[in-house]
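As structure tokens, the structure follows; a few thoughts come after it.
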Amino acid sequence: MTLGLQFGLFKTYAVPSISAVLIKTGQFTSGFTTCNRRYDDTDLIIGEILCHGDMDHPRSKLAIRRLNWLHGHYKISNEDFLYTLAVFACESVQWVKRWGWREMTWSVKLI
């Protein structure tokens, strides 16, 4: 699962408009710590949204507000937001399906 999420984050770097924002903000050039923090922040925020299973849950809403605040300082297209969201929603499942040692259970896919 973790490798799938990491690979998903890596895939977003291949989109020219996304990597241009990351370069402009120093997210690529600030070293390993910045990239690792970006992954950890993404993992925590997405995990907070998913663990409640309801976008209307107060904690999910708070996580979404935080995500929007973090990205609100930059000019990011809706298409880039949607692509990134789709990658995080699907990539880890696809990764495990292809490379995992067993099939994911339905409950794990929902997490």
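The values are calculated or read from the model by the stated rules, or taken from the named source; none is laboratory data. Please read these numbers as outputs of a predicted model, since none were measured by experiment. With ideal geometry, Cβ positions are generated from the backbone for all residues, glycine too; neighbour counts draw on all protein chains shown. Calculation scope for accessible area: heavy atoms of the full protein, side chains included, ligands and nucleic acids excluded. Shrake-Rupley method; radii C 1.70, N 1.55, O 1.52, S 1.80 Å.
Between residue 77 and residue 20, the simple spin-label model (points 7 angstrom out along Cα→Cβ) gives 0.8 nm.
To the nearest 10 square angstrom, how much accessible area does residue 66 have with a 1.4 angstrom probe? Here the accessible area works out near 120 Å². On the beta carbon distance between residue 41 and residue 104, with R0 = 25 Å, the FRET formula returns roughly 0.55. The HN-Hα couplings worked out from phi for the range 53-63 by the Karplus form 6.51 cos²θ - 1.76 cosθ + 1.60 (θ = phi - 60°) are x, 8, 5, 8, 5, x, 5, 5, 4, 5, 5 Hz, whole numbers, x standing for Gly and Pro.
Running Debye on the chain with equal point scatterers at the Cα sites and no solvent, what base-10 log of I(q)/I(0) appears at q = 0.18 Å⁻¹? The Debye formula, applied to the Cα set alone, gives -1.00. Figure the gain on full extension for residue 69 and residue 7 (residue separation times 0.36 nm, minus the Cα-Cα span) and round it to one decimal in nm. Full-extension gain reported as 19.9 nm. Candidates 26, 14, 45 compared by Cα position along the dipole of the chain: farthest toward the positive end lies 26, with charges placed on Cβ.
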